[in-house]
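The values are calculated or read from the model by the stated rules, or taken from the named source; none is laboratory data. Fair warning: this is a prediction, and the values are worked out from it, not measured in the lab. Cβ atoms come from the backbone with ideal geometry, glycine included; neighbour counts cover every protein chain shown.
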Amino acid sequence: MERETATPEYIRPYVGAAPDDRRRHPRLRSKGAAEIRFLVQKVRVSGVMVELSMSGCSIDCDQPVPRVNQAAVEVCLTIFGIRVLLGGVIRNTRRQERRVGIEFAQVTPRKAEQIRHLVHELMENDAPIV
């Protein structure tokens, strides 16, 4: 007889509190190094990742980011010494163009496992769900 295993909360589909909340996964508060590479503009911006989910992240940048709608980016995230390079799309900018929301794009099964590993590390270190 197979035993059923529960899907961890950070991987399960997420139902946000607000009716217009489009998030698919819960966000975890985090502190990690981040670098965003704007592919078309050939610009690099460093910052601190402040939130992470299975489908994206928020980064507080050291400088304003280029004003480009849905810019294709590469983002390098480092948490607890674990480094992951992911493709993504800028979905929004806030706080005087210094906080960006990135949706991960074209996530392969291997990259999804790397994101799960980062999220799991945050959960083990009691990162709050926001």
* Structure fact -> Filtering the stretch 116-130 down to residues that are of a type in the set (Val, Ile, Thr) and either in a loop (DSSP other than H, G, I, E, B) or more than 13 Å from Arg27 (Cα to Cα) (or both) yields Val130
* Residue selected from the stretch 77-94 under the condition over 12 Å from Ile36 (Cα atoms) and in contact with an Asp or Glu (Cβ under 7 Å, 6 or more places away or on another chain), by the criterion surrounded by the most Cβ atoms within 10 Å (Cβ to Cβ) -> Ile79
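Residue by residue through the stretch 94-115, note down the ones that are part of a helix (DSSP H, G or I), touching a residue at least 40 places away in the same chain (Cβ under 8 Å) and out of contact with any Phe, Trp or Tyr (no Cβ under 8 Å at 6 or more places or on another chain). Spell out how you get there, then give the answer.
The first filter runs over the stretch 94-115 and keeps only residues part of a helix (DSSP H, G or I), leaving 109-115.
Now restrict to residues that are touching a residue at least 40 places away in the same chain (Cβ under 8 Å): 112, 115.
Ala112 - this is the single residue of the stretch 94-115 that is part of a helix (DSSP H, G or I), touching a residue at least 40 places away in the same chain (Cβ under 8 Å) and out of contact with any Phe, Trp or Tyr (no Cβ under 8 Å at 6 or more places or on another chain).
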* To do: Please list, ordered by first then second residue, the pairs with beta carbon atoms under 6 Å, 6 or more apart or interchain, first in the stretch 56-83 and free of Cβ contacts under 8 Å to residues at least 60 places away in the same chain, second of a type outside the set (D, E, K, R) and in a loop (DSSP other than H, G, I, E, B).
  => Pro66/Gln41; Ala72/Leu39
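Could we say that Glu97 is of a type outside the set (Phe, Trp, Tyr) and modelled with pLDDT under 90 here?
Values: of a type outside the set (Phe, Trp, Tyr): yes; modelled with pLDDT under 90: yes.
Taking the combined requirement at face value, the residue satisfies it.
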* **Matching residues, the stretch 59-82, being under 13 Å from the mean Cα position of the chain (by Cα) and under 16 Å from Ser30 (Cα atoms)** => Ile59, Asp60, Val75, Cys76, Leu77, Thr78, Ile79
* **Flag if Glu74 is modelled with pLDDT of 95 or more and surrounded by 10 or more Cβ atoms within 10 Å (Cβ to Cβ)** => yes
